[in-house]
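Following: one structure in structure tokens, then a few remarks.
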Amino acid sequence: EITVGIVCHLSRPIVVDEVKLFLMTLEEYERLYARGANTNNINVVNKINKETSFRVLTKNAPISFDPGSNECRFDWIPMMVGQFVIASVEIQWGKASFFHDVASLRKPIQGIDVLPA
């Protein structure tokens, strides 16, 4: 299970249709951002999608977010060891999609270490 904190800046509770976490291997994530840095284009969120991600974790409706801090849990049983990065988050609310490239935070990137059992 992966738990992600999501902050809602709206003044009232909302119910969204879908939340997706795009996981990438650490190696692929570093390669993707190195290419962006080489072209002076650090914002590579358009390149993070189902095809470029190692895994897409999805939580379907109804998902309620109250104003302020919220937690969203995703079920995931890793089938291989390695280091993974939460590269992007997508929230589907009605007909609108909101993408958040975690590199844009300028804070440490959230990673997941999967060790052999």
- prompt: Which whole-Hz ³J(HN,Hα) couplings does the range 8-23 yield from phi under the Karplus relation 6.51 cos²θ - 1.76 cosθ + 1.60, θ = phi - 60°, glycine and proline marked x?
  reply: 9, 9, 7, 8, 9, x, 10, 10, 9, 8, 6, 10, 10, 10, 9, 9
task: Would you list which aspartates and glutamates come within 19 Å of LYS95, measuring only between C-alpha atoms, while excluding same-chain residues fewer than 8 positions from it?
output: ASP17, GLU18
Residues with amide H under 5 Å from that of ASP17, placed H, sequence gap 5 or more: GLN92, TRP93, GLY94
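Read-outs: derived from the displayed coordinates by stated rules, not from any lab. Since we're looking at a predicted model, the values are computed, not measured.
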